[in-house]
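Asker: The structure follows.
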Amino acid sequence: MKFRDRESMVVLGSFLGVTALVAASVLALVSIYTAEPISKAQENNRQKVFHRLLLPPFDSTAESIMVDGCTFTPVLNSGKLAGFVGQGNSRGGYGGEIEALVGFDLNGRITAVQILRHKETPGLGANVCDRKFQRTVFNLREAAPEVPENKFLDQYNFRDSRSAGSWRIAKDGGEFDYLTGATVTSRAVTELVDRISSVFAKSGLINAGEMKR
Amino acid sequence: MKNSMFKDLTKGIWQENPVLVLLLGTCPTLALTGSAVNGFGMGCATTCVLIGSNLVISILAPVTPKKIRIPVYIVVIAAFVTVVDLLLQAYAPPALYESLGIFIPLIVVNCIVLGRAEAFASKNSPFRSVLDGIGMGLGFTLTLTMLGIIREFLTCGAVFEIKLIPGWTTDFLLPGAAPGAFIIVGCILAVKNYMKYRAAIRNRRLYVPPQGLNCRNCGICRIDGDK
């Protein structure tokens, strides 16, 4: 019979099938065991980023609301509304998509801006997006600040979201600084923050929050 | 015997270094050595996959029909890569996972892993294959970390994200980009080859590539000759 042949199609097929089956079951096991740590790590990461937005103190988050392509997550302090986190992305970056988080307090002012994800040029456009504490040989033992400063992202702090809608970088006739050589990135970030802020101001979420208070 | 085992472990670091001698795995070498931390992380991930896949493949090799050995190896390698990917997602620092990103799944098609499976693990005992995996992984990690240190220092005067020279200009972007990496790898290769060439002249003999690198010992492209 052909089946006895080690090289027959049936033998080859079943050998490959068995290998794939064993591999798949190992993967299923690992996937089950790591599902919880992975979701925990992602949640931790999100929480950490939320805490870096300099929002008023909060202990939990409520369900997110989608408005015009931006996501707004209310943050609560012992059940009471404490602020909002706006999230949006832009395709205007030099290296691809840029995803930003903007924190708003209950007066509608921006608390801080964080870039969640970007693919800008390291050392150039990335300097507009990253908040990174520069460690040198002279400050090896210093603790890094929780929110390292970045002069391009810090210029939005304390601005009223209701004044958004026409924020531009200085090169386009606006008032925001930009990094020479990384105009595209600076423009994308400014436009993104502007869009999230104006959507937030127009959505009336602040007033809804005030009613709840 | 003991000597040859020791050689299995150490040959990957210098004599048969996967990046600098075998010239394998160039994609992660160029893409992920922008900083020392990234290079080290990628090296460690690849090492884990190499050790695991070498072990399993050396066990499977004697019973694997020749005709389907490469699909079988790829399934084994892909399984290990996915396991490493899941573990990294769960336990590695988020910043590291973010920057290694899509390159982790791409370890599946990293030539080093398949190359060692075919050229070494399928012909040797599990124990020796694991030693080979550790050695090759170490060589890969060391080379990537070294490249990362050089590139990070040249772009911003920092090593492992610690700025050594505060006034270093950050305007020179070439070493941080892939073309710069290519040039630096080329320079290292030139220096390494020159050293070997000098050593061969000193010993009054011709330079002969190591056994494992010789095409006659590798069966990857000889599918027809299986019968």
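The values are calculated or read from the model by the stated rules, or taken from the named source; none is laboratory data. As the structure is a computational prediction, the values presented were derived from the model and not from experiment. All Cβ positions, glycine included, derive from the backbone under ideal geometry; neighbour counts span all protein chains shown.
Asker: In the stretch B:151-166, what count of residues is obtained for those that are more than 7 Å from every other protein chain (Cβ to nearest Cβ), in contact with a helix residue (DSSP H, G or I) (Cβ under 6 Å, 6 or more places away or on another chain) and not aliphatic (A, V, I, L, M)?
Answerer: 3
Asker: If you take the residues in the stretch A:129-154 that are in contact with a strand residue (DSSP E or B) (Cβ under 6 Å, 6 or more places away or on another chain) and more than 9 Å from chain B (Cβ to nearest Cβ), which one is farthest from B:Gly157 (Cα to Cα)?
Answerer: It comes out as A:Leu153.
Asker: Now for a different question. Would you mind stating whether B:Ala45 is under 26 Å from B:Leu154 (Cβ atoms), in contact (Cβ under 8 Å) with a residue 12 or more places away in the chain, out of contact with any Pro (no Cβ under 7 Å at 6 or more places or on another chain) and surrounded by 19 or more Cβ atoms within 10 Å (Cβ to Cβ)?
Answerer: yes
Asker: Scan the stretch A:36-46 and give yes if some residue there is within 10 Å of chain B (Cβ to nearest Cβ) and more than 19 Å from the chain's Cα centre (by Cα), otherwise no.
Answerer: yes
Asker: Of all residues in the stretch A:62-87, how many are assigned to a strand (DSSP E or B) and exposed (fewer than 14 other Cβ atoms within 10 Å of the Cβ)?
Answerer: Residues that pass the stated criteria total 2.
Asker: Is at least one residue of the stretch A:131-141 modelled with pLDDT of 80 or more, over 30 Å from B:Ala178 (Cα atoms) and buried (at least 16 other Cβ atoms within 10 Å of the Cβ)?
Answerer: no
Asker: Across the stretch A:88-122, which residue is nearest to the other protein chains (Cβ to nearest Cβ) among those that are buried (at least 22 other Cβ atoms within 10 Å of the Cβ) and assigned to a loop (DSSP other than H, G, I, E, B)?
Answerer: Taking the candidates together, the pick is A:His118.
Asker: Within the stretch A:123-213, considering only helices (runs of 4 or more DSSP H) that don't extend past its boundaries, which have at least 1 residues that are more than 20 Å from the chain's Cα centre (by Cα)?
Answerer: A:183-203, A:205-212
Asker: While we're here: Residues that are more than 14 Å from every other protein chain (Cβ to nearest Cβ): list the helices (runs of 4 or more DSSP H) wholly contained in the stretch B:58-135 that include at least 2 such residues.
Answerer: B:111-119
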